Each structure stands twice: as structure tokens, then as C-alpha cells.
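Read the structure below first, then the notes.
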Amino acid sequence: MDLPPGIPVAPAIIDAHASLLGIGSKKPNQLTMVMGTSTCHIMLHKEQKSIPGISGSVKDAIIPNLYAYEAGQSAVGDLFDYATRQAPLDYWGEAEEKGISIFQLLERKAASKEVGETGLLALDWHNGNRSLLSDTKLRGLLIGETLHTACEDIFKAYMEATAYGTKMIMKSYENYGLTIDEIFACGGLPKKNSLLMQIYADVLQKPIHISSSEYAPAVGAAILGALAGGSFSTMEEAIEQMKQPFLKTVYPVEENAKKYEKLFQIYNELHEQFGVVNKKVMYDLQSIQ
């Protein structure tokens, strides 16, 4: 490649993994949600445990001497985009009149609804289920619709469904002995959709620290490049000097959290019924299709 002798060349790293460096996650018991069209849920821990449905756990994959666990959801931002494309024409006109995007309009309308007010609950499997079921044949489900169901109701149900899916992953980590002390979120979604992150904080019942940068993977790659190039002597020093600040921390609202705990139990029942016990229903539909 015509590189001069002795020039440092750093090996590649997975984009989501680099995000942790970019936001400064470097300690055990920290869970990072890298949120975009899909979401990766990366956990750092001192020990390696076999956890069903988790994509993998590799020592030194991100931080020296720590295991990096990864899980994920196949449809998150993609699911919200799908919901906007179902919005009626007058919604698009209203958004244009107000000078905002269709996403912003639906978020505003959805934010006016109390927890549980829509009467809806969804399974976020429109692109299959990555974790915990690892089944690409599973499909989405929306239950509770009436003739009064509005587009923003469905939009909110999808946001809540992705939060429930994240809670399934978080509880799996915890059930197998991985304590979660802190939760970080990065990517485009956390900065752009405040309602979404409030839902996540309420459902997970934990504060969520949101990165100010939408490009945490690029920042992480720059940190590794600087380290490989000799600008810093240790990973710790490089991260501390180059990590991006947090935009804000979103705290759970106790009243909402109590309501979401009840809704999550219903999600859990649907998850078991259509993902484990009776998944043949979804398989049969595809067979006919």
C-alpha cells in the first residue's frame, strides 16, 4: 500500500463497539445503547457468562481486561420511519404548515397521551428478533386497536415496544449476574426524540445518560487512531482526553414507571406466546405468503 516503514496501522473495530470509547464508557457494569435504525446493547463486565440470546462476549474487544457483551434489536429507527410512512396526508400537511418534520409532529401528538392511554401494545419484531430469541422469522404484532386509534397512538406503541425489547435484554443480563449500574445512549435517536428517551427511562426504571455527539463511533475510532499513533500512552488517558460530553441525563418518572411495569408484563406474555410457545402462527402466515 506504499506506506512508509514503521508507520502504525491500527486494526479494525466494530462501529458500535467504538461508540463506547467515544462516550467514555470504560468501566464494568455499564450498558450502552447505540441507537439508530437498529440498536446494539453493549455491556462491559469482568467475567464471562453464558447468556442465552446474547450475540457474543469477547475479552479485550473494546476495553483491555473486560468482556464486551453484545445484544441487539433489529428494528428501532426503521420501525419509527415505517410508522411515519403510514401517516395520513393531512398529517404531512400539518407538519409542513408548522415547519416541522413528520417525526416531530407525531412525537408531539404522542407526547400528549398518558401512559397506557392509547390502549395499544406492540411486539417490535418487524425485522425479526435478534435478542433474545434470535429468530428472523418472527414478525411484528399490534394489539388493542379500535376505530378511534390514531397514527400517533401507533407511533407511541412502537416507541414503547422498543423500550420493552430493551428491558428484556437488560433483565437477561441481570438474571445471569451482570449488574447494571449505569446506562448510556448514543446515536441520532437519543438527541432527536426526547419523548423516546423518557419512555426508555420510565420503562427501564433507570437514569439514561445521553451523549451530545451523534457520531460516537467516529469519535471512538479517532481515539483508537490517536492511541495507535502514539499521542497517548494508555487507553484510559486517550478516552479521558477525547471522549464527548453528555448532553443530558433523563430520569424516570415514578408514576409512569409503575404503569409501564404493568404494560411490560403484558409485553412479556406476548413475547412468550408468539416468540416461544406459539410462534408457529407467524411461521404459518409466512408459509401462506
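Below, the figures for the structure above:
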| quantity | calculated |
| --- | --- |
| Any hit, region 60-67, residues being of a type outside the set (D, E, K, R), surrounded by fewer than 21 Cβ atoms within 10 Å (Cβ to Cβ) and touching an Asp or Glu at 6+ places or on another chain (Cβ under 7 Å) | no |
| Selected residue (criterion: surrounded by the most Cβ atoms within 10 Å (Cβ to Cβ)) from residues of region 185-212 that are at pLDDT below 95 and among the charged types (D, E, K, R) | Lys191 |
| Filter result (of a type outside the set (Gly, Ala, Ser) and in contact (Cβ under 8 Å) with a residue 40 or more places away in the chain) within region 228-241 | Met235, Glu236, Ile239, Glu240 |
| Cross-chain or 6+ apart pairs with Cβ under 9 Å, region 141-161 first and over 13 Å from Leu123 (Cα atoms), then β-branched (Val, Ile, Thr) and assigned to a helix (DSSP H, G or I) | Glu145/Ile154; Cys151/Thr84 |
| Residues located in region 243-257, provided they are without any contact (Cβ under 8 Å) to a residue 40 or more places away in the chain and either surrounded by 13 or more Cβ atoms within 10 Å (Cβ to Cβ) or among the hydrophobic types (A, V, I, L, M, F, W, C) (or both) | Lys248 |
| Condition broken by Thr37, with the remaining ones in (1) outside any loop (DSSP other than H, G, I, E, B); (2) surrounded by fewer than 17 Cβ atoms within 10 Å (Cβ to Cβ) satisfied | (1) |
| All positions within region 67-92 that are part of a loop (DSSP other than H, G, I, E, B) and among the hydroxyl-bearing types (Ser, Thr, Tyr) | Ser74 |
| Failed item in (1) closer than 16 Å to Thr37 by Cα; (2) in a loop (DSSP other than H, G, I, E, B), with Pro64 passing the rest | (1) |
| Flag for Gly93 being out of contact with any Leu (no Cβ under 8 Å at 6 or more places or on another chain), at positive phi and modelled with pLDDT of 95 or more | no |
| Residue in region 232-253 that is among the acidic types (Asp, Glu) and modelled with pLDDT of 95 or more present | no |
| Qualifying residue in region 9-27 (condition: surrounded by 21 or more Cβ atoms within 10 Å (Cβ to Cβ) and not in a helix (DSSP H, G or I)) | yes |
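The values are calculated or read from the model by the stated rules, or taken from the named source; none is laboratory data. Owing to the predicted nature of the structure, the values given are computational and were not obtained by experimental measurement. Here the Cβ is made from the backbone with ideal geometry for all residues, glycine too, and neighbour counts use every protein chain on show.
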